[in-house]
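FYI, it's all coordinate maths here, none of it is from the lab. None of the values given here were measured: they were computed from a predicted structure. Virtual Cβ from ideal backbone geometry, glycine too; neighbours counted across all protein chains shown.
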Amino acid sequence: MNVIETIPGIHCKQCDFKVAEQTSFCPSCGSESIETVSLKPNGIIHSFTVVYVGFGHMAARAPYVLAIVQTEENVKLTTVIEGVTDFNVVKIGDKVRFKGMDEKIGPVFQY
Ligand SMILES: [Zn+2]
């Protein structure tokens, strides 16, 4: 996994929507008037669950925290949170930081 400082994403010039995906059109309004942007790496846990039984390539990773992170630019990503040693202390609103893109699982955040 490459450690990078920003999240690769797109910005729609039509409706100002930002998303942490690489698509050829805007997921919000369908416009193709988009540009690639670097999104800010800081966010909070919006929602999460602890996955005890992973499937496929995630099996070896379990247990792990699967979360929806909301970044400071209000972009939401489904992501794995790394660096959690005690699942009982994870809570909504916790500050997390983008760690990098895993080619198999997508974005990974950490405390
Ligand atoms: Zn749009």
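Looking at Glu35, Glu21, Glu73, which one is of a type in the set (D, E, K, R), within 16 Å of the ligand (Cβ to nearest atom) and in a strand (DSSP E or B)?
Of Glu35, Glu21, Glu73, the one residue that is of a type in the set (D, E, K, R), within 16 Å of the ligand (Cβ to nearest atom) and in a strand (DSSP E or B) is Glu35.
Here are some conditions: (1) within 16 Å of the ligand (Cβ to nearest atom); (2) buried (at least 17 other Cβ atoms within 10 Å of the Cβ). Ile45 meets all but one. Which one does it not meet?
Here Ile45 meets the rest and fails (1).
Filter segment 54-70 for residues that are surrounded by 13 or more Cβ atoms within 10 Å (Cβ to Cβ) and not in a loop (DSSP other than H, G, I, E, B); which is farthest from the chain's Cα centre (by Cα)?
Of everything passing the filter in segment 54-70, Met58 is farthest from the chain's Cα centre (by Cα).
Can you name every residue in segment 11-36 that is in contact with a Lys or Arg (Cβ under 7 Å, 6 or more places away or on another chain) and touching a residue at least 24 places away in the same chain (Cβ under 8 Å)?
Those that are in contact with a Lys or Arg (Cβ under 7 Å, 6 or more places away or on another chain) and touching a residue at least 24 places away in the same chain (Cβ under 8 Å): His11, Ile34, Glu35.
Mind listing whichever residues of segment 76-111 are part of a loop (DSSP other than H, G, I, E, B) and among the β-branched types (Val, Ile, Thr)?
Passing the criteria: Val84, Thr85, Val90, Ile92, Ile105.
Using the structure shown, decide if Glu5 is under 16 Å from Pro107 (Cβ atoms), charged (D, E, K, R) and in contact with a Gly (Cβ under 9 Å, 6 or more places away or on another chain).
no
So that you can scan it fast, the table gives a plain yes or no per residue for (1) surrounded by fewer than 17 Cβ atoms within 10 Å (Cβ to Cβ); (2) over 14 Å from Ile10 (Cα atoms); (3) touching a Cys at 6+ places or on another chain (Cβ under 6 Å):
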site	(1), (2), (3)
Gly30	yes, no, no
Glu35	yes, no, no
Lys99	no, yes, no
Gly106	yes, yes, no
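Name the residues in segment 4-18 that are assigned to a strand (DSSP E or B), in contact with a Leu (Cβ under 7 Å, 6 or more places away or on another chain) and of a type outside the set (A, V, I, L, M, F, W, C), would you?
Matches in segment 4-18: Gly9, Lys18.
Would you mind stating whether Glu73 is of a type outside the set (Val, Ile, Thr) and in contact (Cβ under 8 Å) with a residue 40 or more places away in the chain?
Spelling it out, Glu73 is indeed of a type outside the set (Val, Ile, Thr) and in contact (Cβ under 8 Å) with a residue 40 or more places away in the chain.
When Val53 is evaluated against the numbered criteria (1) more than 20 Å from Gln110 (Cα to Cα); (2) within 15 Å of the ligand (Cβ to nearest atom), which criterion, by number, is the only one it fails?
(2)
Any residue that is β-branched (Val, Ile, Thr) and in contact with a Cys (Cβ under 8 Å, 6 or more places away or on another chain) - is there at least one of those in segment 52-60?
no
Of the residues Val51, Val75, which is of a type outside the set (Ser, Thr, Tyr) and surrounded by 17 or more Cβ atoms within 10 Å (Cβ to Cβ)?
Val75
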